[in-house]
Amino acid sequence: MLYLDVILNVPVNQAFTYSYVPPESAKTENKPEAGKRAEVRFGNRNMTGFITGVHETLPPSCPVDASKIRPVKRIVDAEPLLTEELFAIARWMADYYLCTLGETVSAMLPSGRRETNAGGFSFDSEIPFAQAHELSQEQRDAVDGILTHNTSRAQFHYLYGPTGSGKTEVFLQAAERTLAQGKGVIYLVPEIGLTTQVIQAVVRRFGNTAAVLHSGLTPSQKLSEWRRIMHREARVVIGARSAVFAPVPDLGLLIIDEEHDGSYKSGTTPRYHARQVAMFRCSRLGIPLVMGSATPSVESWHLIQTHGLAGHTLTRRLAGGTMPLISCVDLTKCEMSGCCLSDQLTGEIRTTLAAKKQVILFLNRRGFTHFFRCASCGYEMTCKNCSVPMTYHKNENRLRCHYCGWSAVPPESCPKCGSLDIGYSGFGTEYIEAETAAKFPNARIIRVDTDALTKKGELEEKLDSFRRGDYDIMLGTQMVAKGLNFPNLQLVGVVLADTGLHLPDFRAAERTFALITQVAGRAGRFFPDGRVIVQTYSPTREPIAYACAGNVNGFYEYELKQRELLGFPPFSRLVRLVFRSADNNDASGTAEAAAGLLRNARGKIKNAGDVEIMGPAECPVAKISQNYRWQILLRGPDIKPLQEMARTLLFGYSHPQSVYIECDVDPVSLL
């Protein structure tokens, strides 16, 4: 008999011991080894865990008698899924992000029970392999700088350049040179569905040696791709956040495209950031990590300036394009041609269409209108499950919550006072679509947001049809701001730049600047007269003013001064604790008790004297999916004392079972 240490995806910080009796015919059974999955009985349910140790005798750490040890039901895998390197990453993540080893391993690996022959990416052999482009001198210098190993310089690199400056080609040629040395490559992109052009470029360049990991794969397909990577059949892995865990043998280069994007941070346990995991993995292996963006995160910009990252800069657009001319329209002063399109924007659209060019209209707000409001008593209809306003969707004639999905038929009178003087205010992409169609009846219009995408593959179809010229105007949310090239696109209109500016989050300015800059970068990539119109009620606010002026350095200098003044990252570190419960008193009471425990712990933990305990307070979004939310924010100059204080709470505090505590180390949002 053998005894197996098995970790499970449960919030209990320990391995569990199970027994294993080898069958009489060893050929019919997979042998237990560290890194393989095992199916076990846990409580009253079957679960699949991962073997971390195999013992011939009962481990001394096992707290129960051998007679009470449950047997393993079966060994799932013929060969281990977890390498020692991945185990090391999992252990670091569990320690850094304050969760269990079982939770980290479960987040890293595919969940398929059996493999399938269905490939992860359908590669068309008729598509010609793309040849490497001739690099500019700036691009050659960047590739050389990234791959030239110098022990006196950081192994972390940042490629900064405006949209359309050729960053992708630098990444691809750095990958080619890495492959030529017999090493593997991981290429991270923010969201697979929104970066199809980058994926196509990788697959065209590397063919069947590329593996694509994305959420559209079934668990069995993911497992099949995982095996293909482990067996060296695929040497370039491209994928979203979780591809940072790909089991690439002899990894030689890790690339993070659009590094600023918030989707690199996981919203569920373990709440890891792919950038931090990549830094740990590359440091451990002694290999280069290169990140890139036209709008770096404020933390990365600060690291470039302080030489924590080796910076490489591309200064000009390729493909014949120049940076577009950006005009700012003050909505408090201008003439409006309808509810949401200024006369200036309307005129530019008309001129662009007459020249047989294309237009993108961007608004980061879905739906038809944003608020249902009573003019008599001021009542605003909010979701019954969440503390957020309902959004009206005219096509469905329903009010819908964009947090939990609950919907309702619009009332005919005010639910509070009974008045018939009710209506809607604000506008979303559906409203823009209706108004644009009324103004330009002959224009072919397409809308791209999550409400308009109902079928698998529909996003790619719509983007391809716009690229082919089947449509004249594309309306969309942030989906149209990421990594897209449209050869005939001349005009970008930002219908309202203020939508995220006033959120109670210290990153609101950074996100607003990045979104305007990124969507503006879609215009005029292939010809010299691209134009951008930015409509705003806040033309003098720094994120909007700097974005409209194209003054990247000015914005980061301003934002870093604000962060330093207010004590936010990169000049401090944060840990966020959220207490959520269906009972508001339970959530608030537990948060109050936790704050007291944290204050007591502060005096006992080394270097914790400077830690601020902010709160408890209601979260800005105080209720989501029937759960009330309270938060405590730990802030200090170093992350270690914050983690130790939070660890004391998470693993040493018995709180009511009705309350769930979320722990977010280095949060990217405080909403």
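Within the shell of other residues whose beta carbon sits under 12 angstrom from the beta carbon of His260, the net charge comes to -1, with Lys and Arg scored +1 and Asp and Glu -1. For the chain, the longest principal axis of the C-alpha atoms and the axis of helix 167-180 are separated by about 30°. With neighbour counts taken as other beta-carbon atoms within 10 Å, the residues Ser266, Ser165 rank, fewest first, as Ser266, Ser165.
Defining a contact as two alpha carbons under 8 Å apart and six or more residues distant in sequence, what relative contact order in percent does the chain show? Worked out over the chain, it gives 12 percent.
Using only alpha-carbon positions, what ratio does the radius of gyration of region 573-665 give when scaled by 2.2 N^0.38 Å? All intermediate terms of the calculation are to be shown ahead of the outcome.
On the way: Rg = 12.6 Å, N = 93, 2.2 N^0.38 = 12.3 Å.
Against the compact-globule rule of thumb, the ratio is 1.02.
Across region 573-665, the mean sequence separation of Cα contacts (distance under 8 Å, 6 or more residues apart), normalised by length, yields a relative contact order of 47 percent. Note on region 482-519 and region 620-671: Cα centroid distance 30 Å, given to the nearest whole angstrom. Computed from label points 7 Å out along Cα-Cβ, the spacing between Glu396 and Gln14 is 4.6 nm. Paramagnetic label reach from Ala437 (point 7 Å along Cα→Cβ; backbone nitrogen cut-off under 15 Å): within region 450-476, residues 452-453, 472-476.
For a quick check: sort Arg573, Arg45, Arg241, Arg599 by the number of other beta carbons within 10 angstrom, fewest at the front.
On the way: Arg573 20, Arg45 7, Arg241 23, Arg599 12.
So the residues, fewest neighbours to most, are Arg45, Arg599, Arg573, Arg241.
Ordering 409-415, 665-671 by mean Cβ neighbour count within 10 Å, with the highest value first, yields 665-671, 409-415. The calculated FRET efficiency for the pair Tyr660 and His55, based on their C-beta separation and a Förster distance of 45 Å, comes to about 0.85. Computed on the Cα trace of the chain, the radius of gyration divided by the Kirkwood hydrodynamic radius gives Rg/Rh = 0.98.
Figure the gain on full extension for Arg140 and Lys456 (residue separation times 0.36 nm, minus the Cα-Cα span) and round it to one decimal in nm.
Going from the current span to full extension adds 109.9 nm.
Estimated from helical segments only, the mean residue ellipticity of the chain at 222 nm is -9000 deg cm²/dmol, where each DSSP H run of four or more residues counts as -39500 (n - 2.57).
Taking amide H positions as modeled 1.01 Å from N, with prolines and chain starts lacking one, the residues under 5 Å from Asp77 and 5 or more places away or on another chain are Arg37.
List the residues of region 227-265 whose backbone N lies under 14 Å from a point placed 7 Å from the Cα of Gln181 along the Cα-to-Cβ direction. Zone members listed by number: 250-255. Take every pair of alpha-carbon atoms less than 8 Å apart whose residues are at least six positions apart; their mean separation over the length of region 137-313 yields a relative contact order of 34 percent. Counted by neighbouring Cβ atoms within 10 Å, the residues Met47, Met93 run from fewest to most as Met47, Met93. The Stokes-Einstein estimate for region 23-65, based on a Kirkwood radius over Cα pairs and taken at 4 °C with 1.567 mPa s viscosity, is a diffusion coefficient of 104 µm²/s.
Amide H contacts of Cys334: none lie under 5 Å away among residues 5 or more positions distant or on a separate chain (H built 1.01 Å from N in the peptide plane; Pro and chain starts excluded). Between Thr218 and Lys606, the modelled labels are 5.2 nm apart [label points 7 Å from Cα along Cα→Cβ]. In this simple spin-label model, placing a label point 7 Å from the Cα along the Cα-to-Cβ direction at both Asn585 and Lys640 gives a separation of 4.3 nm.
Length available on full extension from Thr196 to Thr540: 0.36 nm per residue minus the Cα-Cα distance, which gives 120.3 nm.
Coordinate-derived values only; no laboratory data. As the structure is a prediction and not an experimental result, all values here were calculated from the model. So basically every Cβ, Gly included, is an ideal-geometry build from the backbone, and we count neighbours across all protein chains shown.
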